[in-house]
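I have placed the structure first, in the form of structure tokens, so that the comments after it can refer back to it.
The values are calculated or read from the model by the stated rules, or taken from the named source; none is laboratory data. Note that the structure is predicted; figures quoted are calculated from it, not measured. Neighbour counts run over all protein chains shown; Cβ positions are idealised from the backbone, glycine included.
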Amino acid sequence: MIMGRSCSEKNGEAERVRGLVIESLALSPKIFLGMIFHKPLKKLGISLFQKDIKSVSPKFDELLEKFLVEHEEKMEEDHYKANDMMDLLLEAMEMRMQNVNLCIKRVSNTKARKPPILFRYGKYSNNSLLLQELLVAGTDTSALATQWTMAELINNPTILERLREEIESVVGNTRLIQETDLSNLPYLQSVVKEGLRLHPPASISVRMSQERCELGGFYIPEKTLLVVNTYAIMRDPNFWEDPEEFKPERFITSSRSEQEDEMREEVLKYIPFSAGRRGCPGSNLAYVSLGIAIGVMVQCFDWRIKGEKVNMSETAGTIMLAMAQPLKCTPVPRTLNLLPSSLHIPSS
């Protein structure tokens, strides 16, 4: 979706991308501490974790250089048509660069060779950083949310069965769930929302006050760093009934007026993607991808685990909410004769 290609396991691309994402996420607590103590440390001339943080960006640049060159070469083809985000970003940069003379010409009359793409567009350009942000923010977060929600479904077989019945009644068992089905699957949407309420991938949001104000009886000066505990808000018993329980039914409303009232309330209490103008721009895409992924896994497989329940313990000392013991389960195919051959699992 971002680059119009998948990363190959054979040449190590996929493992390299995964490693960079994991390394970037491991730096999240350090970045958070650096933001909190930035002003006092700056006065003392101390750069907290700056070396660690800056070490990741060149690795991303090296990887993105290859992908960007591939797309640039594709742009020179006769029947080129932009079909992914990287194509559109390169087109925008080319239009901007046409107005600026950045050509490097040799003294001789030979045709000047183009310098590396990241050099021409700035090694730390906004577009390069945007691609890094998309790779980090749009991959592991979705994987964590899927893992947590599937663990909750396995621990709640009654909810799992109700979800499966809804899918079979709407979609049937002769094809897989598609994006166009999601609007007709309210219980699936509620399962996704409840999973994100209990287990938001990012447990906190950070904001900067643009002007002085008073909030909850506290005076907040201008340019103050504010930390919003989204995890605590979405488990607050003042806002939620049985907040520690996995209950997708809480998001199902019977009438349009109830839906409108619920939406107004959720603006303040349901914030897995933060809220306002600084909220996550990928929230709609996340709901779609999570709905399809979870729906297909419920539709096509039963799930077996060792023991009676999945351990729902959380990792400590991290901003990204991960399972202390990653989910390990075995998929058992359901009615394979009715599903695509690609989903068949060979018997051992």
Any residue at all in region 53-66 that is farther than 22 Å from GLY138 by Cβ, of a type outside the set (Phe, Trp, Tyr) and touching a residue at least 12 places away in the same chain (Cβ under 8 Å)? no
Single unsatisfied condition, LEU44 versus (1) at pLDDT 70 or above; (2) of a type outside the set (Val, Ile, Thr); (3) surrounded by 14 or more Cβ atoms within 10 Å (Cβ to Cβ): (3)
Could you pull out the residue among GLU265, GLU314 that is at pLDDT below 90, charged (D, E, K, R) and either over 26 Å from GLU179 (Cα atoms) or outside the structural domain of GLU168 (by TED's automatic domain parsing) (or both)? GLU265
Could you grab me the full set of residues in region 182-221 that are of a type outside the set (S, T, N, Q) and free of Cβ contacts under 8 Å to residues at least 24 places away in the same chain? MET208, GLU211, ARG212, CYS213, GLU214, LEU215, GLY216, GLY217, PHE218, TYR219, ILE220, PRO221
Of the residues in region 175-194 that are under 22 Å from GLU244 (Cβ atoms) and touching a helix residue (DSSP H, G or I) at 6+ places or on another chain (Cβ under 6 Å), the one that is surrounded by the most Cβ atoms within 10 Å (Cβ to Cβ) is VAL191
Which pairs turn up if I take residues in region 287-298 that are polar (S, T, N, Q) and look for partners that are assigned to a helix (DSSP H, G or I) with beta carbon separation below 8 Å, at least 6 apart in sequence or on another chain? SER289/SER142
Tally up the residues in region 47-67 that are modelled with pLDDT of 75 or more, surrounded by 15 or more Cβ atoms within 10 Å (Cβ to Cβ) and over 22 Å from the mean Cα position of the chain (by Cα), please. 1
Residue satisfying all of: in region 194-242; polar (S, T, N, Q) and more than 23 Å from ALA316 (Cα to Cα); modelled with the highest pLDDT among these: ASN238
With the requirement that a residue be touching a strand residue (DSSP E or B) at 6+ places or on another chain (Cβ under 9 Å), more than 30 Å from THR149 (Cα to Cα) and not in a loop (DSSP other than H, G, I, E, B), what does region 190-249 give you? MET208, CYS213, GLU214, LEU215, TYR219, ILE220, LEU225
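Matching residues to (1) in contact with a Lys or Arg (Cβ under 6 Å, 6 or more places away or on another chain); (2) small (Gly, Ala, Ser); (3) surrounded by 12 or more Cβ atoms within 10 Å (Cβ to Cβ); (4) within 27 Å of LEU327 (Cβ to Cβ):
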| site | (1), (2), (3), (4) |
| --- | --- |
| ILE159 | no, no, yes, yes |
| ARG164 | no, no, yes, yes |
| ASN173 | no, no, yes, yes |
| LEU198 | no, no, yes, yes |
| SER205 | no, yes, yes, yes |
| CYS213 | no, no, yes, no |
| PHE218 | no, no, no, no |
| THR230 | no, no, yes, yes |
Helices (runs of 4 or more DSSP H) wholly in region 126-184 with at least 1 residues that are more than 24 Å from ALA202 (Cβ to Cβ) and at pLDDT 95 or above - which ones? 157-170
Taking region 71-95 as the region of interest, how many residues are in contact with a helix residue (DSSP H, G or I) (Cβ under 9 Å, 6 or more places away or on another chain), part of a helix (DSSP H, G or I) and of a type in the set (D, E, K, R)? 5
